[in-house]
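The values are calculated or read from the model by the stated rules, or taken from the named source; none is laboratory data. As the structure is a prediction and not an experimental result, all values here were calculated from the model. Positions of Cβ are backbone-derived with ideal geometry, glycine not excepted, and every protein chain shown enters the neighbour counts. Keep in mind that these areas ignore ligands, DNA and RNA; they rest on the heavy atoms of the full protein, side chains included. Shrake-Rupley method; radii C 1.70, N 1.55, O 1.52, S 1.80 Å.
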Amino acid sequence: MTEPDAAQAGTPGRLARSIGRFVDGLPAPVRKFGQQLGGWQRIQLAFKTALACGIAWVIARQLPGEVADYPYYAPLGALISMYSTVADSVKTSLQTLAGLLLGIALAWVLLLTVGLHVLTVSLLVFLGVLVAGLPRLGAGRDWVPMAALFVLLVGGSDAGDYSLGYAVQMAVGVLVGITVNFLLIPPLNFSAVGRSLQQLQSDLAGQLEEMAEALLEDWPPERDEWASNGENIVRLSEQVRQAVQTADRSRKANPRRRFHDRDLEADWSNLRTLERAAFNTQDITEVLGAVIWDDHLRIPEPVLEPMSEALKASAAAVRSLAADDLQEKLDAADAAQQQLGRKLAGAVTEETPATAAGYVVVSLDRILSTMRRQLSDSKD
């Protein structure tokens, strides 16, 4: 799994690298504090949000007519529009504006039909919360009752000018926020994808190797961390999926994609293979843990060494996922798997049935089959 070429030409890339060198030159305590806050991306997001709010405030005060009486809503619009990806900014902003306009419309319906009194407030909140349940409103659902209340209570007798100023200034702020996010180093979360996939690949292969070593040790083995690590690998695979999804969103409507592109289809393919391998590795972990520490499952002693070899060969194949020698590693793992099957067939007795060992064989075969399918798909 290769990383995109960071040396590709382009002003956004040079600026990002310059800022990265500046951050690397900061004192260690400062860098550590920044990492606790969320790292460079959080600092970048905070800077862009502050800049967008400032620009929105300046523009808001220049707007004509009564709209200029409500400039404070423009920075609010910029604030709610700023997300880590351009796609999320656009989607959330549109949802927010939709919810805001629905709330304003709802408030006007009640003002024109019922008027302003105590029951109107309760009825408005009731209807606002109901309308907020409309599908696809997303982040805008919270703005329906809130915008309606603002028009009713803050606008009051001047609800017309207030509604116009509220909607226009929020839209101005949203537009400024999206523009700033689009133009000022919109993040591409590609490097996080590469690192997280490599981490999952390494941890998965390491888990298989540790179990292979445990089979040849005196039982119970001295090192038993692997026995509780199966669920951790599954959780890591879920985190990797989130990273790939975030990277996929971050490239949408992102101008930096021209300079730094990545084959996310290959990442998705690798992820699906590793997820299936993680699931089956967790099953193997649970079975071997039961064999070693419980009495109700056993593995025939002549099978332990070939099973260890099969686990090691499978681990080597996992480490070579997306590498040029994957076919070679899969062939070696298949040979070890066949040897394990032959040993198991000749070692089964009434005292040591094939239940546990057979489950391990099936799980390993599923891991290898998944990688063979990916290799075959990559050649098509």
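Residue-by-condition table, conditions (1) under 31 Å from the mean Cα position of the chain (by Cα); (2) without any contact (Cβ under 8 Å) to a residue 12 or more places away in the chain; (3) closer than 24 Å to Arg342 by Cβ; (4) not in a helix (DSSP H, G or I):
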site	(1), (2), (3), (4)
Ala266	yes, no, no, no
Ser269	yes, no, no, no
Thr273	yes, no, no, no
Ala278	yes, no, no, no
Gln282	yes, no, no, no
Val287	yes, no, yes, no
Ala290	no, no, no, no
Arg298	no, no, yes, yes
Pro302	no, no, yes, no
Original post:
open to solvent by 20 Å² or more (accessible area, probe 1.4 Å) and free of Cβ contacts under 8 Å to residues at least 12 places away in the same chain: does that describe Val129?
Top reply: no
**OP:** Scan the range 266-294 for residues that are hydroxyl-bearing (Ser, Thr, Tyr) and open to solvent by 20 Å² or more (accessible area, probe 1.4 Å) and jot them down.
**Re:** Ser269
**OP:** Examine the range 110-126 for a residue that is of a type in the set (Gly, Ala, Ser) and without any contact (Cβ under 8 Å) to a residue 40 or more places away in the chain, and state whether such a residue exists.
**Re:** yes
Subject >> Members of the range 328-380 that are open to solvent by less than 60 Å² (accessible area, probe 1.4 Å), modelled with pLDDT of 85 or more and of a type in the set (Ser, Thr, Tyr) >> reply: Ser363, Ser369, Thr370
Original post:
Taking the stated definitions as given, is Leu119 closer than 30 Å to Ile185 by Cβ, open to solvent by 70 Å² or more (accessible area, probe 1.4 Å) and assigned to a helix (DSSP H, G or I)?
Top reply: no
**OP:** Check Gln201, Gln245, Gln207 and return the single one that is farther than 30 Å from Tyr73 by Cβ and open to solvent by 60 Å² or more (accessible area, probe 1.4 Å).
**Re:** Gln245
